[in-house]
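The values are calculated or read from the model by the stated rules, or taken from the named source; none is laboratory data. Treat the numbers as computed from the prediction; the structure is a model and nothing was measured. A quick note on method: Cβ atoms are made from the backbone with ideal geometry, for glycine too, and the neighbour counts reach across all protein chains shown.
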Amino acid sequence: MTTIYLIRHAEAEGNVYRRCHGQYDSLLTERAYQQLPYLAQRFADVPLDAVYASDLYRARHTAKAIADAKGMKVLADEAHGTHFYFGKDLPVSAMEAGADIASVSMHKSGGSLTQSSFLLTGEGMQPGYVRQIINLTQTTSGSYLLLSSLDISRSNLALRGEESFQRVTALAEYARGEINQIGDYYAFGREMINGDSIYDFDPTKLSIHTLDIGLAGIEVYDILRDEYDIQIEFGDLGNILAYLSIGDRIREVERLVTALADLKRRYKKDKTGMLSQEYISPKVVMTPQDSFYAEKESLPLEQTRGRVCSEFVMCYPPGIPVLAPGEEITDEIIQYIVYAKEKGCSMTGPEDEKIERLNVLRDR
């Protein structure tokens, strides 16, 4: 039987100020570094095969405390961090932060074809051994199309990477300024860095808050796609993300800015009643494992109030659960789910794909 230990990261600055971190990369506090040796000691006699963590600073360093004590390696999922290796004013890369291995999705910002990525290894790793382990699980019939695209993109970044991402950053900064001048949009910038809950900022990501024009981010996303033929990365209940890459030019940025200005003129409305997608604190009744495998029944969503959920419910993006197994279903959560569905958010997790019904514990 496989045993999985779920460990909360050590105290981060966002905890001190009672702020929801999300993807904001909070630093660890002085107290956290006092906590980490105790965490390592707690697992000193516990057999572990692997330690997994997100690429966030607070999670990486918490995991590293356990891994280092056991001579284990730190692996980072750096899906959106290809460009971090090619710029002076970009967030720290996983390898620079001390990871032993990092998975880097070149296709997201490096210019290669979809589904292609690199596995970076640090000085303490033996490349031949890593290759040997990978060969145990991966196909022997790799896609030469993907491999070729990786090699071409790698060569391009090696020769022109820093120059390319400086241009991407400049384009994003220009777009940020133009969009903020439109009014009622807010394109996030470095001014958000506050030394506690927000540690750093990736300037190549064009994230825009849309609620002040009376539209959810997913609504703006749909309008841009359907009426302006502009496909951006995603939209959630309050924001959109336009992903600028090394293939974008000033004309694409101008087209986006013009479309946003016109969209505001045509569709702006009163924002009363809009949800601000704030984090909903869960009411945890029992463990996820116990509730997931317990006897359950399926009920219409509106009849689940006060019951204990036995499945996940989440909006994607961002993919953070609105409900998890073992949590009580409240009026606020039901309202959130109904609202997100009405706005057109992509909901995932439950057995019922339409999320008209939820599985709940039979006796709770």
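The table below gives the values:
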quantity	calculated
Tally, over segment 112-152, of residues that are modelled with pLDDT under 95, polar (S, T, N, Q) and not in a loop (DSSP other than H, G, I, E, B)	4
Whichever residue in segment 51-80 is in contact with a helix residue (DSSP H, G or I) (Cβ under 9 Å, 6 or more places away or on another chain) and of a type in the set (D, E, K, R) and, among such residues, is farthest from residue 106 (Cα to Cα)	70
Unmet criterion (only one of (1) free of Cβ contacts under 8 Å to residues at least 24 places away in the same chain; (2) surrounded by fewer than 21 Cβ atoms within 10 Å (Cβ to Cβ)) for residue 97	(1)
Only one of 14, 87, 98, 22 that is at pLDDT 80 or above and either in the same structural domain as residue 202 (by TED's automatic domain parsing) or closer than 22 Å to residue 188 by Cα (or both)	87
Condition broken by residue 88, with the remaining ones in (1) under 21 Å from the mean Cα position of the chain (by Cα); (2) assigned to a loop (DSSP other than H, G, I, E, B); (3) surrounded by fewer than 21 Cβ atoms within 10 Å (Cβ to Cβ) satisfied	(1)
Residue check for residue 296: more than 30 Å from residue 178 (Cα to Cα) and basic (Lys, Arg)	yes
Segment 179-190: number of residues that are part of a helix (DSSP H, G or I) and in contact with a Phe, Trp or Tyr (Cβ under 9 Å, 6 or more places away or on another chain)	3
Single match in 213, 223, 232, 246 (criterion: on the phi < 0 side of the Ramachandran plot, under 20 Å from the mean Cα position of the chain (by Cα) and not assigned by TED's automatic domain parsing to the domain that holds residue 80)	232
Top-ranked residue of segment 179-188 - restricted to ones that are in contact with a strand residue (DSSP E or B) (Cβ under 9 Å, 6 or more places away or on another chain) and crowded, with 16+ Cβ neighbours inside 10 Å, ranked as farthest from residue 220 (Cα to Cα)	188
Residue count for segment 190-226, restricted to those that are crowded, with 22+ Cβ neighbours inside 10 Å and under 9 Å from residue 240 (Cβ atoms)	7
Residue within segment 287-304 that is at pLDDT 90 or above, closer than 15 Å to residue 336 by Cα, assigned by TED's automatic domain parsing to the domain that holds residue 333 and of a type in the set (Ser, Thr, Tyr) present	yes
Whichever residue in segment 49-84 is assigned to a loop (DSSP other than H, G, I, E, B) and among the small types (Gly, Ala, Ser) and, among such residues, is modelled with the highest pLDDT	81
Those residues of segment 269-312 which are in contact with an Asp or Glu (Cβ under 8 Å, 6 or more places away or on another chain) and of a type in the set (Phe, Trp, Tyr), in sequence order	292
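Conditions tested, residue by residue: (1) polar (S, T, N, Q); (2) part of a loop (DSSP other than H, G, I, E, B).
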| residue | (1), (2) |
| --- | --- |
| 177 | no, no |
| 198 | no, yes |
| 227 | no, no |
| 231 | yes, yes |
| 248 | no, yes |
